[in-house]
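**Q** The structure is given below, and queries will be raised subsequently.
The values are calculated or read from the model by the stated rules, or taken from the named source; none is laboratory data. Everything quoted here is computed from the prediction, not taken from an experiment. Don't worry about glycine lacking a Cβ; one is built from the backbone with ideal geometry, like all the others, and counts go over all protein chains shown. Keep in mind that these areas ignore ligands, DNA and RNA; they rest on the heavy atoms of the full protein, side chains included. Shrake-Rupley method; radii C 1.70, N 1.55, O 1.52, S 1.80 Å.
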Amino acid sequence: MSQQNKVNPVDGQPPAYGMQPGYGNQPGPPPGLANVQQQWAPAVQSMPGCPPGLEYLTTLDQVLIKQQIELLEAFTGWEQNNKYKIMNNQGQQVYFAAEDTDMCMRQCCGPQRSFVIHITDNMNQEVIRLSRDFKCCAGCCWCANAEACAHEVMIEAPVGQVVGYARQEYSSWSPNFTLRDAERNPILRIHGPCCVLNMPCCEDTFNVWSNDDTKEVGTICKQRGLQEFFVDANTFGATFPQDLDVKVKAAMLGAVFLIDFMYFEKSSGGGAGY
């Protein structure tokens, strides 16, 4: 039986928000998580020690994160919750990501807003949750040593179990980030370009390095696309070693969304993040 046709065994009705199959007493993702038609990658069997739903990440060494075009936002400038397809290198969808932020936060705070992003698998089960708190003083690279002045995304997989953080770090000019474990110990470092151009004709690459900055292990690249002349819909590619800890791969996804909001998400007035 398809996900759309599942019914509540008690009253025979489709499951309501907050009572979706597989969530138990946990609230399910918001209605905006309904996935559009897309070729999904085949499911992977569960693995010992791997958070449920992240098994497919163990087979990947790169992902493509493609933001969907919101027509209402394109025509009116009224900021909508972002939605993204997460695909493998064959164009098969492996996850779907949907932002869940209230209207006032989106319109008034723009790219600096707090957010929760629900990432679901092909069974519409939420497998990763990303969340960022609103910090009115955050964003300046010179002040990022202070907690109140550094943007940070918390990664939960499954929901309720923190597996890592993606955090903005101090730098004199170029963007710097760290990927941290659940105890906030640094694991990997991310160094951005000297100038983030944020132009549709250019690629902006953030290089991922070992914690001691001696070995490059991956990249996060904002890819060029002509559609960005007209709409706020970015595309990112992320590469990493296939044998990288799956929790660190989940943290890299968190870093992609943090970088997107900080440097490439346009405000309702048309400007980009920072």
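**Q** Please compute the per residue accessible area over the range 72-173 with all protein chains in place, 1.4 Å probe, rounded to a whole number of Å².
**A** Numbers: 4160 Å² over 102 residues.
For the range 72-173, the solvent-accessible area averages 41 Å² per residue.
**Q** May I pose another question? Given 0.36 nm per residue, what is the gain on full extension from GLN45 to LYS215 after removing their alpha carbon distance, in nm? Numbers along the way, then the final one.
**A** Values: separation 170, 0.36 × 170 = 61.20 nm, distance 3.20 nm.
Contour length minus the Cα-Cα distance gives 58.0 nm.
**Q** Using a Förster distance of 30 Å, how high is the FRET efficiency between THR58 and TYR170, based on the Cβ-Cβ distance and rounded to 0.05?
**A** Values: r = 33 Å, r/R0 = 1.11.
Once rounded, the FRET efficiency stands at 0.35.
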